[in-house]
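Readers should treat all values here as calculations from the given coordinates under stated rules, not as data from a laboratory. Predicted model only: the values in this text are computed from it and were never measured. Every residue, glycine among them, receives a Cβ derived from its backbone with ideal geometry; neighbour counts consider all protein chains shown.
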Ligand code: NAD
Ligand code: UGA
């Protein structure tokens, strides 16, 4: 069995690496020659726990290769996976499908014998049919099927998510293509992973519905957190009390600065646009988008309020820049709203992130990037925890106080305990939990 994986980004590298771990021969293809060169030198261009070892092992065993030569890889492949980006289109927020369409054209030109073209990229409903149309138009003689096989992995936990998924969704009406996908996913069938067989359209929509639901769940608890702050309740306990109900579930009920990342923001926008076009608007999703955007912007005001109403001339330490821990991905990270807003209000920013600094430097200028969490706190008037890296969970409180000018901490991820922080003499604020010191937040 041979697979060509087009697009060697977060999804392409993880999926390609994991398929090769299943024993399949995988050629990962990317048009970015520098990326391929790095991969061929043994460097993994993204930070994803466990990916280096997985790639190294499978390259050494000869099952995983990297190249820019799409034609050669597709010509040899039984299945070609499309894992290129589908960012938001400027203007209307719909998915920009130009990379997917270009890839479909290139695949069509290179196909050799019956080939299954599988979309792993997140694509709006109708894209599978469009890919089939493009292939037929480019190569009227092509023998192929198009399958939608959306990916549900999370960055930072991607390998485990891929190897032990809650489910695999396979969208096709072709029995021949379905059998091939069953062979590819054989190790997961053997583990009795639930497999959802559906039409292409249903599979495409299942992916967006899942992401939009998770984004809505986070947004719901974020709004409950706001209410908790007004009425003196604790969102952590509310979430636990809710989440223990099996119908609700405990996951994705952590209040914070608003969701970010390469997917929830763009996928909610694209789904809302699809729904408007289909004359079936999704008002919940539209509200989620609006609430989350406002929330991310409001976080800087919260910090300013905790600093006595002004940060002009003050030094703010920022811990965590990536959109979540265990990744170097900065796409739509809350820090991209918070840091510039604080700078615009006159603050000097000292920031630290365990893996995100290289990416952050491209997006956030005028920041003093530090070598450690404690360096970032040195002489700071306030400390803001933006991303909950494990390394920030057990900082030495006495040392933080010694490093900072004033012990003001704004914990946007609720990783510290309010009572303990108050007892340690901090002016500590978190999200949706009662204030122990310093009054209420007026930055609403
Ligand atoms: P990415 O930007 O990290 O990688 C995409 C890669 O595709 C880039 O390296 C780019 O150079 C390459 N590419 C673009 N056009 C190409 C072409 N014509 N030929 C060869 N290579 C080409 O993107 P990503 O985060 O891996 O996301 C890919 C898709 O998977 C998106 O649709 C995304 O929504 C979806 N997805 C992402 C995640 C995630 O956690 N990142 C999870 C599930 C689904
Ligand atoms: C998300 C989904 O979880 C994956 O299933 C999906 O495959 C992926 O999008 C995708 O389509 O690309 P990811 O964006 O990597 O994965 O990360 P998440 O763990 O979902 O976090 C997304 C954002 O939500 C982060 O900013 C995170 O901090 C925030 N979040 C998450 C919360 O604020 N609270 C929570 O309880 C959970």
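Over the chain, dividing the summed -39,500 (n - 2.57) contributions of all DSSP H runs of at least 4 residues by the number of residues returns a 222 nm mean residue ellipticity of -13500 deg cm²/dmol.
If you find the alpha carbon centre of the stretch 238-268 and of the stretch 157-208, how far apart are they in angstrom? Rounded to whole Å, the Cα centres lie 24 Å apart. Counting only alpha carbon atoms, the long axis of helix 175-184 and the longest principal axis of the chain meet at about 60°.
Counting other Cβ atoms within 10 Å as a rough exposure proxy, the listed residues 199, 322 run 199, 322 from fewest neighbours to most. Relative to the longest principal axis of the Cα atoms of the chain, the long axis of helix 98-110 makes an angle of roughly 30 degrees. Exposure proxy for 263, 28: other Cβ atoms within 10 Å of each Cβ, ordered fewest to most, give 263, 28. Given in Å, the Rg to one decimal and the Dmax to the nearest whole number for the Cα atoms of the chain are 23.5, 74. Computed on the Cα trace of the stretch 337-444, the radius of gyration divided by the Kirkwood hydrodynamic radius gives Rg/Rh = 0.94. The three principal axes of the Cα atoms in the stretch 130-281 give end-to-end lengths of 68, 40, 25 Å, sorted in falling order.
P(r) for the stretch 104-197, from all Cα pairs and a bin width of 10 Å, is 16, 43, 30, 11, 0 %, short bins first. Evaluated at 37 °C with a viscosity of 0.692 mPa s, what Stokes-Einstein diffusion coefficient in µm²/s does the stretch 2-198 have when Rh comes from the Kirkwood expression over alpha-carbon pairs? It diffuses with D of about 195 µm²/s by this estimate.
Using a 10 Å cut-off on Cβ atoms, rank the peptides 133-140, 313-320 from the highest mean neighbour count down. Present the calculation step by step, with values, prior to reporting the outcome.
Values: 133-140: 14.9, 313-320: 24.0.
With the highest mean Cβ count within 10 Å placed first, the list reads 313-320, 133-140.
Working from the Cα coordinates of the stretch 199-444, the gyration tensor eigenvalues give, after taking √(5λ), semi-axes of 32, 21, 16 Å in decreasing order.
Relative to the present Cα-Cα distance, how much length would full extension add between residue 245 and residue 174 at 0.36 nm per residue of separation? Walk me through the numbers before you get to the answer.
Working: separation 71, 0.36 × 71 = 25.56 nm, distance 3.94 nm.
Value of the extension gain: 21.6 nm.
Sort 106, 419, 201 so that the residue with the fewest other Cβ atoms within 10 Å of its own Cβ comes first and the one with the most comes last. Present the calculation step by step, with values, prior to reporting the outcome.
Values: 106 18, 419 11, 201 15.
Starting with the residue having the fewest Cβ neighbours, the order is 419, 201, 106.
Relative to the longest principal axis of the Cα atoms of the chain, the long axis of helix 127-138 makes an angle of roughly 40 degrees.
So how do 5-13, 286-294 stack up, highest first, on mean other-Cβ count within 10 Å?
Ranking the peptides 5-13, 286-294 by packing returns 5-13, 286-294.
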